[in-house]
Structure formats: C-alpha cells, structure tokens
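Only the coordinates and a few stated rules stand behind these numbers; no lab work does. Bear in mind the structure is a predicted one, so any value in this text is a computation, not a measurement. Here the Cβ is made from the backbone with ideal geometry for all residues, glycine too, and neighbour counts use every protein chain on show.
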Amino acid sequence: MKHIAALLCIALLAIGVQSIQADTSILPEAPSQYKKVCGSCHMAYPPVLLPAIAWENILDTAECHFGERVTMDSFEVKKIRRYLTRNAADKTSHKVAQNVAASLGGVVTDRITSVPYIQKKHANVTSASLKNCASCHSGASQGRFEGARIRR
Ligand code: HEC
Ligand code: HEC
C-alpha cells in the first residue's frame, strides 16, 4: 500500500513539473468558426483579453453588437463559445490573462480597450489605433504581446 502511494506521489510530481514547464503564453489554435465569424470585421481577439462573463455577454447580444449585427448558426455559436470561455482571462494561467483579470477586479466590460491593464500599457496610443492590436503585435492572434514581437 505504501508503495502505491509513493508511486502515485511521483506520478503527480511529474505532472506538476510538466505543467510548470508548459508555455502558457501560447493560445490553443482557434476553431475556424471563430476566425471566420469574429475576424470578419476586426481582428479575432485573443480570448485572454476578457473574462468568460464578458465573452458570454458578447455572444448573447450578438444580434446587437456595438451597433452591428453578427450572424452565426447555432453550431458556430457553440464552437466559438467554448473556445472563448475556456481560454478567457479568468480561466487560464496565460500571463496576459492573469494581468487582465487582476486589473478588472470583477468589473465587467465588453471592451478590451477599457481594461485598465491594457490602458496602462498603452498610455501613448490613441484609442482609435489601439483597437488594431495586430498592427503593433504581430503575434496578437496567438496571444503573444511581449515587447520583442512589436513591429515598429
Ligand atoms: C459585422 C461586424 C462585426 C462582427 C462580425 C463582429 N464584430 Fe466585434 N465589433 C464590431 C464593431 C463595429 C465594434 C466596435 C468597434 C469600435 O467601437 O470602434 C466591435 C467591437 C468588439 C469588441 C470590443 C473591442 C474594443 O473596443 O475593445 C469585442 C471584444 C468584439 N467586438 C468581439 C467580437 C466577437 C467575439 C465577435 C464574434 C462573435 C465579433 N466581435 C464579431 C463589429 C463586428
Ligand atoms: C500603436 C501600437 C500598439 C497597438 C495598436 C497595441 N499595442 Fe500593445 N503594446 C504596444 C507597446 C509599445 C507596448 C509596450 C511594450 C513593452 O513594454 O515592451 C505594448 C504592450 C502590450 C502588452 C504588455 C506586454 C508585456 O509583456 O508586458 C499587452 C498585453 C498588450 N500590449 C496588448 C495589446 C492589445 C490587446 C492591443 C489591442 C487591443 C494592443 N496591445 C495594441 C504597442 C501597441
């Protein structure tokens, strides 16, 4: 019995080490439905930029989305909802996700550009140009925002 417990312990330790080593700065590949529907008017924003409740709100009000109408079939909604909520700011250990969630502190907004952490990092960027994350962060769609990736 003692032997089994020790083996289990070693196995758990191995899993722990593996998850620490995993690169949490990279997002899983977005489903094609997300890129097609949510990337047609603006960039398909990486899910780490808003908490799950905000993505739920956005999907639940897609008929009236910032003055536009987003059309999707129920299969597309399902795939998109799963991707956005599973990788949301409050659901992953992605570095940017944690900073976004901490800076919001429970405040709900549907705007990435209203997240205090994002505002703080871009004090010199006008709100109009800030929206196009990929214009400065070439790795934005993979959730990469570190300095080295910024195009100048
Ligand atoms: C028909 C065009 C259209 C489609 C399709 C669309 N959006 Fe938008 N989206 C907009 C417009 C317009 C705005 C507001 C832009 C502005 O204020 O300048 C916006 C804003 C946003 C914002 C806030 C950005 C900010 O200012 O911080 C998010 C988040 C967002 N959309 C997510 C989504 C998601 C998720 C989908 C897919 C379900 C989607 N959008 C599909 C038109 C669209
Ligand atoms: C006009 C260019 C520009 C645009 C547009 C822009 N950024 Fe940035 N972003 C920067 C610069 C410059 C920095 C600071 C880089 C540094 O500190 O190394 C930065 C830093 C960041 C950081 C912090 C990275 C870190 O490792 O500390 C995040 C996160 C970020 N941006 C996300 C976004 C998001 C999300 C958008 C779109 C809503 C966006 N940015 C749009 C220029 C831009």
message: Check which residues have an amide H placed less than 5 Å from His137's amide H, if you skip close sequence neighbours.
response: Arg151
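Take the Cβ-Cβ distance between Arg69 and Lys120 as r, set R0 to 22 Å, and report the resulting FRET efficiency rounded to the nearest 0.05. Intermediate results must be reported in sequence, preceding the final value.
Values: r = 33 Å, r/R0 = 1.50.
That pair, Arg69 with Lys120, gives E of 0.10.
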query: So which of Lys36/Lys78; Lys36/Lys120; Lys79/Lys131 end up more than 21 Å apart by C-alpha?
result: Lys36/Lys120; Lys79/Lys131
message: Checking a compactness column here: for segment 25-149, what do you get for Rg(Cα) / (2.2 N^0.38 Å), N being the number of residues?
response: 1.00
field: FRET efficiency estimate (nearest 0.05) - Cβ-Cβ, Arg82 to Asn132, R0 35 angstrom
entry: 0.85
